[in-house]
Amino acid sequence: MTLDLPAKLLGEETRSEIPGSYALPTGPFDGTSVPARQVEGALDQRAYRLEAPGATTLALLSPLRDQVRAAGYEIIFECAARTCGGFDFRFNTDVLPEPDMHVDLGDFRFLSALKGDEAVSILVSRSAGAGYVQITRVTATPIQTPTVATAVDLEDPELSRSVAEPGQANGIAAALDADGAAVLEDLVFASGAAALSEGDYPSLAAVAAWLEANPEGTVALVGHTDASGSLAANQALSERRAEAVADALIQTYGADPARVAADGVGFLAPRATNQTEEGRQKNRRVEVIVTSTR
């Protein structure tokens, strides 16, 4: 199955595992978890940033859904942000990390489909200037060709814009303005620990500066862990990490506590493998998400 994207491609990130497994969502968040069917095989997950200013999430999803059906897949579950479960659905499903895949918690759509032992899911969302599509496939054999057939214009100014190094104030501010989220890369947590190490954190200074420059804005800090230990323990640990970062943002960098929330999702949204120490270290992180600008 080759899917044609509904708009011009600006950027792409991929993740693959052979063999791999995927918890294919089969229903909305039920108050405890997202119902899912475990599928195994060659996992191919791709996130695309599209030139689609003004396009609705339905306009992005609809042509992809039609192609999935035409390829013989049966749609087993489909939802929009609120009916999916909003924040809880997003952070209890497998999504590539920001900024590779941006998800507006109030404006996204999702579908799951099956064809025999093969599975596919599509998640779409958008920011002010771009559309975002994540396609996850599990097949019996490795996928040899790209999932999409869309030309990339290498002269597009979006591709040549400079990107700030992690932790720099302009990089955090730009990500919050453009995508509504950013990873606070300079925060380091030891496995099993919730407290921040001693030192200065330019990323938190950048978030505080963004809040000052956007007096109507509010943010949520979302904690993540590696996969060492149980889900319940990591869920609690990730919440404590987010709360520790929120406390530092408020106490050290002067952010208004009424405009800062904190939550955690444990190891449910990894951005790297948990099979290596380097990957586990990347997964121990906190992200900042814009929850309101007015």
Could you work out the relative contact order of region 8-139, using alpha carbon pairs under 8 angstrom and six or more residues apart, expressed as a whole percent? 32
So if each residue of separation counts as 0.36 nm, and I subtract the Cα-Cα distance between A213 and S21, what length gain in nm does that give? 64.8 nm
Span-like helices, the chain: DSSP H, alpha-carbon axial extent 15 Å or more, mean Kyte-Doolittle 0.5 or greater, which ones? 202-213
Per-residue ellipticity at 222 nm attributable to helices in the chain (runs of n ≥ 4 DSSP H, -39500 (n - 2.57) apiece, nearest 500 deg cm²/dmol) works out to -7500 deg cm²/dmol
Mean separation of Cα contacts under 8 Å (at least 6 apart) over the residue count of the chain, i.e. the relative contact order in percent, is 18
Of the candidates T276, T83, T57, which one comes out as most mobile in a Gaussian network treatment of the chain with C-alpha springs shorter than 10 Å? T276
Net charge near F77: determine it from the other residues with C-beta under 13 Å of the C-beta of F77, scoring Lys and Arg +1 and Asp and Glu -1. 0
Find me the longest stretch of the chain that has none of the exposed GluC sites (Glu not before Pro), where exposed means in a DSSP loop (not H, G, I, E or B) with at most 12 other Cβ atoms within 10 Å. 1-154
Using a Gaussian network for the chain with springs between C-alpha atoms less than 10 Å apart, which of these wobbles most: P270, P63, P28? P63
Largest first, please: the extent of the C-alpha atoms of the chain along each principal axis, to the nearest Å. 56, 44, 33
Report the convex hull volume per residue for region 8-139, counting only C-alpha atoms, in Å³. 95
If the chain between T291 and E51 were fully stretched, how many nm would it gain, using 0.36 nm times the residue separation less the Cα-Cα distance? 84.1 nm
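Values quoted throughout were computed directly from the atomic coordinates according to the rules given, and no laboratory measurement underlies them. Everything quoted here is computed from the prediction, not taken from an experiment. Every residue, glycine among them, receives a Cβ derived from its backbone with ideal geometry; neighbour counts consider all protein chains shown.
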